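One structure is given here, and the rest of the page talks about it.
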Amino acid sequence: QAIKNRKENHPLKNDAFTYSSYSKFIFDVNPESIASISDTTTDSTLIEFRSFFDAQHLFILESSSDRTFTPPYRDVEEITAYKVSGFSNPMFSTFANSMQSFSFYDVQFDLLGEKYINPLATGGLRRYLFILEDTTFNQTDTTYTIYYRPRKGKSFNGMEGRMYINTNGFAIEKVIAKPYQDTTGMSIEIIQEYEFIDNYKWFPVKLS
(Lines give C-alpha, C1' and ligand atoms only; values in the text may rest on other atoms or scores of the structure.)
Protein backbone atom coordinates (compact mmCIF):
# COMPACT_ATOMS: atom_id res chain seq x y z
CA GLN A 1 0.00 0.00 0.00
CA ALA A 2 2.88 2.39 0.68
CA ILE A 3 4.28 1.69 -2.78
CA LYS A 4 0.84 2.04 -4.35
CA ASN A 5 0.32 5.44 -2.68
CA ARG A 6 3.86 6.73 -3.29
CA LYS A 7 2.94 9.30 -5.94
CA GLU A 8 -0.10 10.50 -3.98
CA ASN A 9 2.07 11.09 -0.88
CA HIS A 10 5.01 12.60 -2.76
CA PRO A 11 5.38 16.21 -1.49
CA LEU A 12 6.43 17.44 -4.97
CA LYS A 13 3.36 15.97 -6.68
CA ASN A 14 -0.21 17.23 -6.92
CA ASP A 15 -0.12 20.22 -4.55
CA ALA A 16 1.54 23.62 -4.25
CA PHE A 17 3.23 24.55 -1.00
CA THR A 18 5.39 27.12 0.72
CA TYR A 19 7.60 26.74 3.77
CA SER A 20 10.42 28.34 5.74
CA SER A 21 13.33 26.17 6.79
CA TYR A 22 16.39 26.29 9.01
CA SER A 23 19.48 24.16 8.33
CA LYS A 24 22.51 23.45 10.48
CA PHE A 25 25.61 21.52 9.48
CA ILE A 26 28.30 20.66 12.03
CA PHE A 27 31.76 19.34 11.19
CA ASP A 28 33.80 17.79 14.01
CA VAL A 29 36.82 15.62 14.56
CA ASN A 30 35.97 11.99 15.34
CA PRO A 31 35.38 11.93 19.12
CA GLU A 32 37.00 8.50 19.33
CA SER A 33 40.25 9.92 18.01
CA ILE A 34 40.12 12.66 20.64
CA ALA A 35 39.36 10.14 23.38
CA SER A 36 42.40 8.12 22.30
CA ILE A 37 44.60 10.97 23.50
CA SER A 38 45.55 9.83 26.98
CA ASP A 39 44.38 11.96 29.90
CA THR A 40 47.82 11.51 31.38
CA THR A 41 49.73 12.95 28.42
CA THR A 42 52.15 15.73 29.20
CA ASP A 43 52.44 16.89 25.58
CA SER A 44 51.18 20.47 25.70
CA THR A 45 50.24 20.41 22.01
CA LEU A 46 48.03 17.33 22.46
CA ILE A 47 46.44 18.79 25.57
CA GLU A 48 45.67 22.04 23.73
CA PHE A 49 44.29 20.08 20.74
CA ARG A 50 41.91 18.08 22.93
CA SER A 51 40.79 21.15 24.88
CA PHE A 52 40.03 23.01 21.65
CA PHE A 53 37.68 20.31 20.31
CA ASP A 54 36.09 19.76 23.70
CA ALA A 55 35.09 23.42 23.73
CA GLN A 56 33.93 24.02 20.14
CA HIS A 57 33.15 22.57 16.74
CA LEU A 58 35.60 22.70 13.87
CA PHE A 59 33.07 24.04 11.36
CA ILE A 60 29.45 25.22 11.62
CA LEU A 61 27.13 26.23 8.81
CA GLU A 62 23.68 27.70 9.42
CA SER A 63 21.13 28.95 6.91
CA SER A 64 17.47 29.80 6.60
CA SER A 65 15.38 29.91 3.46
CA ASP A 66 11.87 30.35 2.06
CA ARG A 67 10.68 27.95 -0.60
CA THR A 68 7.64 28.12 -2.88
CA PHE A 69 6.67 25.24 -5.14
CA THR A 70 3.93 25.09 -7.77
CA PRO A 71 3.59 21.84 -9.68
CA PRO A 72 4.83 20.60 -11.90
CA TYR A 73 8.10 22.51 -12.21
CA ARG A 74 7.97 26.00 -10.68
CA ASP A 75 10.32 25.81 -7.69
CA VAL A 76 11.84 28.91 -6.09
CA GLU A 77 14.00 28.94 -2.96
CA GLU A 78 15.34 32.16 -1.49
CA ILE A 79 18.16 32.11 1.04
CA THR A 80 17.09 34.58 3.71
CA ALA A 81 20.13 34.26 5.99
CA TYR A 82 23.32 32.26 6.30
CA LYS A 83 26.27 32.08 8.63
CA VAL A 84 29.39 30.03 8.08
CA SER A 85 32.25 29.91 10.54
CA GLY A 86 35.45 30.85 8.77
CA PHE A 87 33.84 31.48 5.35
CA SER A 88 31.75 34.22 3.84
CA ASN A 89 30.97 32.64 0.46
CA PRO A 90 27.17 32.19 0.04
CA MET A 91 27.74 29.05 -2.06
CA PHE A 92 27.93 27.16 1.24
CA SER A 93 24.42 28.30 2.23
CA THR A 94 22.71 25.42 0.37
CA PHE A 95 25.28 22.77 1.26
CA ALA A 96 23.28 21.06 4.03
CA ASN A 97 20.17 20.87 1.82
CA SER A 98 22.10 19.15 -0.97
CA MET A 99 23.28 16.23 1.16
CA GLN A 100 20.08 14.18 0.74
CA SER A 101 16.84 14.12 -1.25
CA PHE A 102 14.08 16.35 0.08
CA SER A 103 11.78 13.36 0.60
CA PHE A 104 11.87 9.56 0.54
CA TYR A 105 9.44 9.21 -2.36
CA ASP A 106 11.65 9.59 -5.44
CA VAL A 107 12.48 6.45 -7.42
CA GLN A 108 16.14 7.13 -6.71
CA PHE A 109 17.28 8.63 -3.42
CA ASP A 110 20.28 10.98 -3.49
CA LEU A 111 22.76 10.73 -0.64
CA LEU A 112 26.00 12.74 -0.84
CA GLY A 113 25.85 12.66 -4.63
CA GLU A 114 25.26 8.89 -4.84
CA LYS A 115 21.95 7.49 -6.11
CA TYR A 116 20.21 4.56 -4.40
CA ILE A 117 17.13 2.63 -5.52
CA ASN A 118 14.24 3.50 -3.21
CA PRO A 119 12.52 0.52 -1.52
CA LEU A 120 9.19 2.26 -2.26
CA ALA A 121 9.86 2.44 -6.00
CA THR A 122 7.85 0.23 -8.34
CA GLY A 123 9.31 -3.27 -8.11
CA GLY A 124 10.47 -2.68 -4.55
CA LEU A 125 8.89 -5.93 -3.35
CA ARG A 126 11.11 -7.86 -5.75
CA ARG A 127 14.29 -5.98 -4.88
CA TYR A 128 13.93 -5.58 -1.13
CA LEU A 129 13.21 -7.81 1.83
CA PHE A 130 10.68 -6.25 4.23
CA ILE A 131 10.27 -7.46 7.82
CA LEU A 132 7.42 -6.21 10.03
CA GLU A 133 8.97 -5.50 13.46
CA ASP A 134 6.32 -3.62 15.39
CA THR A 135 2.75 -2.31 15.26
CA THR A 136 1.74 0.81 17.19
CA PHE A 137 -1.86 1.97 17.57
CA ASN A 138 -2.35 5.75 17.68
CA GLN A 139 -6.00 6.57 18.34
CA THR A 140 -7.59 6.07 14.90
CA ASP A 141 -4.36 5.24 13.03
CA THR A 142 -1.75 2.51 13.12
CA THR A 143 2.01 2.80 12.55
CA TYR A 144 3.94 -0.17 11.17
CA THR A 145 7.69 -0.38 11.86
CA ILE A 146 9.30 -2.19 8.93
CA TYR A 147 12.94 -3.16 8.53
CA TYR A 148 14.17 -3.32 4.93
CA ARG A 149 17.30 -4.35 3.04
CA PRO A 150 18.09 -5.67 -0.47
CA ARG A 151 17.16 -9.30 -1.05
CA LYS A 152 20.01 -11.80 -1.24
CA GLY A 153 21.22 -12.34 -4.77
CA LYS A 154 20.02 -8.93 -5.97
CA SER A 155 22.69 -6.63 -7.38
CA PHE A 156 21.82 -2.92 -7.24
CA ASN A 157 22.69 0.20 -5.28
CA GLY A 158 20.38 -0.31 -2.30
CA MET A 159 19.78 0.91 1.22
CA GLU A 160 18.82 -0.60 4.54
CA GLY A 161 17.02 0.82 7.53
CA ARG A 162 13.53 1.18 8.94
CA MET A 163 10.33 2.76 7.69
CA TYR A 164 7.47 3.82 9.92
CA ILE A 165 4.33 3.65 7.79
CA ASN A 166 1.10 5.28 8.99
CA THR A 167 -2.18 3.74 7.84
CA ASN A 168 -3.52 7.26 7.27
CA GLY A 169 -2.77 7.27 3.54
CA PHE A 170 -0.14 4.57 4.05
CA ALA A 171 2.40 7.38 4.17
CA ILE A 172 5.86 7.63 5.66
CA GLU A 173 5.81 8.92 9.23
CA LYS A 174 9.55 8.42 9.68
CA VAL A 175 12.35 6.71 7.77
CA ILE A 176 15.91 5.74 8.63
CA ALA A 177 18.26 4.80 5.81
CA LYS A 178 21.90 4.10 5.08
CA PRO A 179 23.78 2.47 2.19
CA TYR A 180 23.51 -1.31 2.38
CA GLN A 181 27.04 -1.78 1.12
CA ASP A 182 29.30 1.08 2.13
CA THR A 183 31.76 1.95 -0.64
CA THR A 184 32.67 5.44 0.59
CA GLY A 185 34.64 4.52 3.69
CA MET A 186 32.33 6.78 5.71
CA SER A 187 29.44 5.90 8.00
CA ILE A 188 26.34 7.62 6.59
CA GLU A 189 22.79 7.49 7.95
CA ILE A 190 19.82 9.78 7.32
CA ILE A 191 16.59 10.26 9.25
CA GLN A 192 13.50 11.94 7.79
CA GLU A 193 10.44 12.79 9.89
CA TYR A 194 6.99 13.68 8.51
CA GLU A 195 3.82 15.25 9.92
CA PHE A 196 0.23 15.29 8.68
CA ILE A 197 -0.05 19.02 7.91
CA ASP A 198 -3.43 20.76 8.29
CA ASN A 199 -5.15 17.35 8.34
CA TYR A 200 -4.47 17.27 4.61
CA LYS A 201 -1.10 15.83 3.60
CA TRP A 202 2.03 14.24 5.07
CA PHE A 203 5.04 16.51 4.65
CA PRO A 204 8.71 16.32 5.69
CA VAL A 205 9.36 18.49 8.74
CA LYS A 206 12.86 17.39 9.81
CA LEU A 207 15.77 15.92 7.86
CA SER A 208 18.83 14.70 9.74
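Residues that are buried (at least 17 other Cβ atoms within 10 Å of the Cβ), of a type outside the set (A, V, I, L, M) and within 20 Å of Phe170 (Cα to Cα) within the range 115-126 comprise Asn118, Pro119, Gly124, listed in sequence order. Of all residues in the range 14-29, none are of a type in the set (Lys, Arg) and either in a loop (DSSP other than H, G, I, E, B) or modelled with pLDDT under 70 (or both). Inside the range 16-30, residues that are in contact with a helix residue (DSSP H, G or I) (Cβ under 6 Å, 6 or more places away or on another chain) and surrounded by fewer than 15 Cβ atoms within 10 Å (Cβ to Cβ) make up a count of 1.
Going through (1) in contact (Cβ under 8 Å) with a residue 60 or more places away in the chain; (2) in contact with a strand residue (DSSP E or B) (Cβ under 7 Å, 6 or more places away or on another chain) one by one, Phe170 falls short only on (2). In the range 43-90, of all residues being touching a helix residue (DSSP H, G or I) at 6+ places or on another chain (Cβ under 7 Å) and assigned to a strand (DSSP E or B), the one that is modelled with the lowest pLDDT corresponds to Val84.
The values are calculated or read from the model by the stated rules, or taken from the named source; none is laboratory data. Predicted model only: the values in this text are computed from it and were never measured. So basically every Cβ, Gly included, is an ideal-geometry build from the backbone, and we count neighbours across all protein chains shown.
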